[in-house]
1. Determine whether Y220 is open to solvent by 60 Å² or more (accessible area, probe 1.4 Å), aromatic (F, W, Y) and either modelled with pLDDT of 90 or more or not in a helix (DSSP H, G or I) (or both).
2. May I ask you to list the residues in the stretch 44-85 that are free of Cβ contacts under 8 Å to residues at least 24 places away in the same chain and not aliphatic (A, V, I, L, M)?
3. Name the single residue, out of those in the stretch 34-92 being among the β-branched types (V, I, T) and either over 23 Å from L116 (Cα atoms) or open to solvent by 60 Å² or more (accessible area, probe 1.4 Å) (or both), that is modelled with the highest pLDDT.
4. Restricting the first residue to the stretch 129-143 and requiring it to be under 20 Å from I223 (Cβ atoms), which pairs with a second residue that is charged (D, E, K, R) and in a loop (DSSP other than H, G, I, E, B) meet a Cβ separation below 7 Å and a spacing of at least six or different chains?
5. Out of (1) under 17 Å from G95 (Cβ atoms); (2) touching a helix residue (DSSP H, G or I) at 6+ places or on another chain (Cβ under 6 Å); (3) open to solvent by 20 Å² or more (accessible area, probe 1.4 Å), what's the single condition that is false for D3?
6. Yes or no: the stretch 83-90 includes at least one residue that is in contact with a strand residue (DSSP E or B) (Cβ under 7 Å, 6 or more places away or on another chain) and under 30 Å from L162 (Cα atoms).
7. If I ask for residues that are touching a residue at least 12 places away in the same chain (Cβ under 8 Å) and either within 16 Å of Q45 (Cβ to Cβ) or not in a helix (DSSP H, G or I) (or both), which ones from the stretch 181-204 would you list?
8. Does any residue in the stretch 95-107 that is within 14 Å of D52 (Cβ to Cβ) and open to solvent by less than 70 Å² (accessible area, probe 1.4 Å) come within less than 6 Å, Cβ to Cβ, of a residue that is aliphatic (A, V, I, L, M) and at pLDDT 90 or above six or more places away or on a different chain, and which pairs are these?
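The values are calculated or read from the model by the stated rules, or taken from the named source; none is laboratory data. Just so you know, these numbers come straight off a predicted model, no measurement behind them. A quick note on method: Cβ atoms are made from the backbone with ideal geometry, for glycine too, and the neighbour counts reach across all protein chains shown. Keep in mind that these areas ignore ligands, DNA and RNA; they rest on the heavy atoms of the full protein, side chains included. Shrake-Rupley method; radii C 1.70, N 1.55, O 1.52, S 1.80 Å.
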Amino acid sequence: MRDKILIVDDERDIVSMLKDYFAFQGYDVMTAGSGLEAVKKAEGQPDLILLDINMPDMDGLEVCRRIRDFVCCPILFLTARIEDSDKIAGFGMGGDDYIVKPFSIEELGARVSAHLRRERRKMDSPRVQFDDRAAIDYTARCVYSDGEAVPLARKEFDIIELLFRHRGQVFSKERIYELVWGYDSEGDSSVVAEHIRRIRGKFEAAGMKPFIETVWGVGYRWI
């Protein structure tokens, strides 16, 4: 499957150049010419976002702040100049890197590739430590606390894996039900809340943090 990149910049020439370059490199490319359009396009869950900071309707920092609740991919800011205070603000909003204009397109391509490789390594690792005391093992389909396995039902682990692999992204009960139980399953999404209640109870019994946060009126996310 090809990686999908979202390019956000109000300068059409830059967008066109970057789109042609990354398409030639084998990426699927989406584009947005404004902050508002970027927020909408980000719902398509790109694998990486190139985000210009200086845009007229909504700057890149505000875009980053708005989408970080449902997008967990790397966000690389594009900017004409950068001060340390701007970097701190950007990283605080959830940005991952800065590219200063004018930039070498080859260097930009290398940075994009490096960030995507890093994301794949994180996802492909069979066992991932996510807390000082806790880890998840995809191969064993188990969560460990202080080296001890937490007893989990199959669907409970499926929910944990879904939310953990998309950390920070909010999923509605309906969407979790579709992804874990399947579109054709008999039943309804009300079972999701009960499974998450059980997961939290088991985590608490194991001395773990809750990790799954309720976003009221929206759904759940891994924090």
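1. No; evaluated as a whole, the condition is false for this residue.
2. D57, R81, E83, D84, S85
3. Narrowing the stretch 34-92 to residues among the β-branched types (V, I, T): 39, 49, 53, 63, 67, 71, 75, 79, 82, 88.
Those still in the list that are either over 23 Å from L116 (Cα atoms) or open to solvent by 60 Å² or more (accessible area, probe 1.4 Å) (or both) too: 82, 88.
Working: I82: 69, I88: 76.
This residue is I88.
4. Partner pairs satisfying both residue conditions: D131/K209; R133/D146.
5. (1)
6. Step one: list which residues in the stretch 83-90 are in contact with a strand residue (DSSP E or B) (Cβ under 7 Å, 6 or more places away or on another chain), which gives 87, 90.
After this cut, where a residue has to be under 30 Å from L162 (Cα atoms) as well, the list is 90.
Checked the stretch 83-90: at least one residue is in contact with a strand residue (DSSP E or B) (Cβ under 7 Å, 6 or more places away or on another chain) and under 30 Å from L162 (Cα atoms).
7. Answer for the stretch 181-204, where residues must be touching a residue at least 12 places away in the same chain (Cβ under 8 Å) and either within 16 Å of Q45 (Cβ to Cβ) or not in a helix (DSSP H, G or I) (or both): just S189.
8. G95/I75; D97/L76; I99/L76; I99/L78; I99/L108
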